Every structure is written in structure tokens, then in C-alpha cells.
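Worksheet: the structure to be examined is printed underneath.
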Amino acid sequence: MKVFVTGGTGYIGSHTVVELQQSGFEVVIVDNLCNSNIQVLDGIEKITGVRPEFEQFDLTDEKATRDFFARHRDIKAVIHFAALKAVGESVSMPLEYYKNNLNSLMNVLLSMREFGVKNLVFSSSCTVYGQADVLPVTEQTPRKQAESPYGNTKAMCEDILRDLAKVEKDMNLIALRYFNPIGAHPSACIGELPNGVPNNLIPYLTQTVAGIREQLSVFGNDYNTPDGTPVRDYIDVIDLAKAHVVAIRRLLDGKNKANYEYFNIGTGNGVSVLELIQAFEKATGKKVNYKIVGRRAGDIEKVWADTTVANTELGWKAGVPLVETLANTWRWQEKLGKG
Ligand code: NAD
Ligand code: UD1
């Protein structure tokens, strides 16, 4: 059974390809390598013994996308990861973000409809909830106006899926709303490859411990949280990858209850920045050099998932303990070294 994975050499995509192949699926990847490296395929092959099929082109190219589907008539389902994802960058380059993230989804959907591919899993984000009034957030929590063009592309893509599902009754679509993905494969063969100075907490932290950055700045300790630092739901990338396999099976087995569904993919636990630093120190025995600085613009105070629906409907539950996730992340950083 062949699954088409867009953005499959990226961080979450590569871990999902591993889980798909280990679950018996055949995979074909398309990636334009704008934020990933072709050597990721070596890592996937090393773990699974199988090198996935790969084509390099830009999914905003409608003709190239159509030609690809025309050549691959055996695709049964699609997982659409390909997107630009840097929140800050999206504020300064809104047109590039709207063009890339909306047009790539549109081209994939147009070709799916034309070539009769019925099943799609889409990478969404808890960013669609903003700062929710009630925590934890359930799937029924109202979405809020996005804080950034990036966040807005996720909300708009969800709307496209919802509207399409209303008229294309035999197309089956699932959006997975990821909370904060972290971690790396325990083999240290694949992991996150941040481009330039990382914006996200974990790559900045591990690069600081590795001596690439001098000090981690903790953005604010005056929030209304137990220790004053913001709270997030950090989900292990392997658990997240497995959620995609479960979602794909649900679609292929016809177990979905509606032809557009969306699920929170998190652990259900809120962890503060200081708690995460302490957990990292416990997991690795390494000291993190950090200092408290002012708040970062656009940050929300706290968010974590109610995962009841994913647990009961999907039959999926996060399982990797946080200390293990952090130990895997550090093993990956050690492998990357200072490069
Ligand atoms: P990533 O940048 O590592 O992977 C995305 C991949 O898509 C990259 O390999 C990139 O080269 C490719 N790509 C981008 N635009 C493309 C295009 N037009 N054509 C072909 N390939 C293209 O990012 P990731 O962290 O693996 O994220 C995967 C998905 O999950 C994205 O949609 C992202 O928005 C979403 N998401 C990520 C997070 C997170 O914290 N990492 C959180 C919520 C949602
Ligand atoms: C951000 C995005 C979110 C996106 C996610 C994954 C914003 C507002 N949200 O989430 O849409 O889905 O990344 O790409 O940007 N922190 C520090 N020091 C640092 C870095 C981060 O203290 O150097 C803190 C932040 O204040 C935050 C927490 O760590 O409280 C997590 O930050 P980060 O990893 O950037 O993720 P989010 O901001 O939650």
C-alpha cells in the first residue's frame, strides 16, 4: 500500500516515513529540499533497511505535481507535511508563506481529485487555538484569529479541507493539530536540522549545551503559571509520527466517522520552560546555561491538549516519557556536533 509523503525529508516527515515503512507501507516522498537535506534518506534507510522513493520538486508547481500523480497511479493516501514553518519569518515574508503553504495544498488536492486519490492527512498546529480561554484545549475549543501569517496558513488550510469535504463526499481528510513536537529517533540517525539560529526552545537549548550558542534566554518568568514561565505540551516526534500511521489506517480502513476530522496530538501534560530545562538536566546530566530575559512578542502564556478524542477515537496515546525524549534529542545533537 503506497503512501505519498510531501515534505518527507523534513523533521516530522522523516520520522513518519520510518514509522510507515516499519508498519509495512511503501512510501514515495516529494520534497524540494528548501528546509531539509537529501542525506536524510540515508538515515531512513539505515533505520528501516529500505530507501524510500524520492522526487525533488516544488509542490507549488501545479504541472509538476499533476505529472507526479499521473506517474504514480498506485498512491492510496497522502500525508501533507510540506510547508514553511518559521513563525517570525512568516511575519516578514507573508506572501511567500501564503503562496507556499496554500498553493502546495491546493495542487495536491486538485491532483488527488483528478486521479481519484481519496485519503489525506494534513499537518495542522495548536497555533489555531491561540491563547484559549479554557485549558486544556479540546477539539471543540473555538479557534482564534492567528497571530502570524504562518498560523493563518494553518487555519486557512483547515478551512479548505472542511469546505472540500462538504462537496467531495468520497474524499476523506484528517487534520492533526500538533502541539510542540520535540525529540529525535533513538538511533540518532535522523532528528531536527534547524536552519541558522534556532527559534524554538529545544534546538536552542541543545545547541547551547553543545557550545554552539553561549546562553539560552528564557523568555519571561512573569506569566500566570506555577513558576512564571510559559507552559506547553511537548510531544515526542516518534509518538507524533505514529499518530500519522494510525490516521492513515483509519482512512484506509474506512473507520473515519466523518469525511473531515481533526484531532489534538499532544501528551495532555503542560510543562513550563524551567521544568523542561530541569528535565533535560536530569535526562542528560548536562547543565544548561540560561538566563531569564523579557517576554518574546507573540508568545502565549499556556496551552496543552485534551487528548481524549485522539485516545478514544484514534486509539492513539503518547507514550515516550519526557526524559527519554530529551535524552534522544541530546544524542542527536551530540551526533551533529558543532556542525
Ligand atoms: P520541516 O521544515 O522540517 O519539513 C517540511 C519539509 O517540507 C521540508 O523538508 C521542506 O524542504 C519541504 N517543503 C516546504 N515547502 C515545500 C514545497 N513547496 N515543495 C516541496 N517541499 C517543500 O518542518 P517540520 O517541523 O517537519 O513540519 C512539518 C509540518 O508540520 C509542517 O506543515 C509544519 O507547519 C507542521 N507543524 C510543525 C510543527 C513543529 O513544531 N515542527 C508544529 C506544528 C505543525
Ligand atoms: C512556536 C510557534 C507555533 C509553532 C511552534 C513549532 C509562536 C508564537 N508559536 O510555538 O506556532 O507551531 O513554534 O514551530 O512562535 N523559549 C525560550 N527561549 C528560547 C526559545 C523559546 O524561553 O530561546 C520559550 C518560549 O517563550 C515558549 C517555549 O519556550 O514559551 C516554547 O517555544 P517554541 O519552541 O518557540 O515554541 P512555541 O512558541 O510554543
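Only the coordinates and a few stated rules stand behind these numbers; no lab work does. All values reported here derive from a predicted model rather than from experimental measurement. Don't worry about glycine lacking a Cβ; one is built from the backbone with ideal geometry, like all the others, and counts go over all protein chains shown.
Of note:
- Sum of side-chain charges, Y204 neighbourhood, beta-carbon under 12 Å (Lys, Arg +1; Asp, Glu -1): 0
- Sparse packing (at most 16 other Cβ atoms within 10 Å of the Cβ) combined with a DSSP loop state is found for the following chymotrypsin sites (Phe, Trp or Tyr not before Pro) in the stretch 25-123: F57.
- The calculated FRET efficiency for the pair I38 and D222, based on their C-beta separation and a Förster distance of 56 Å, comes to about 0.80.
- In this label model, R295 and R51 are separated by 5.1 nm, measuring between points 7 Å along each Cα→Cβ vector.
- Taking amide hydrogens as placed 1.01 Å from N in the peptide plane, the amide H of F54 sits under 5 Å from those of I29, each at least 5 positions away in sequence or on another chain.
- DSSP bridge orientation in the chain - percent antiparallel, rounded to nearest 5: 5 percent
- Within the straight-line cut-off of under 20 Å between alpha carbons, the aspartates and glutamates reachable from K169 are E114, E158, D159, D253, E261, sequence neighbours fewer than 8 places apart in one chain being disregarded.
- Sites Q131 and E214, calculated FRET efficiency, Cβ-Cβ separation with R0 35 Å, nearest 0.05: 0.70
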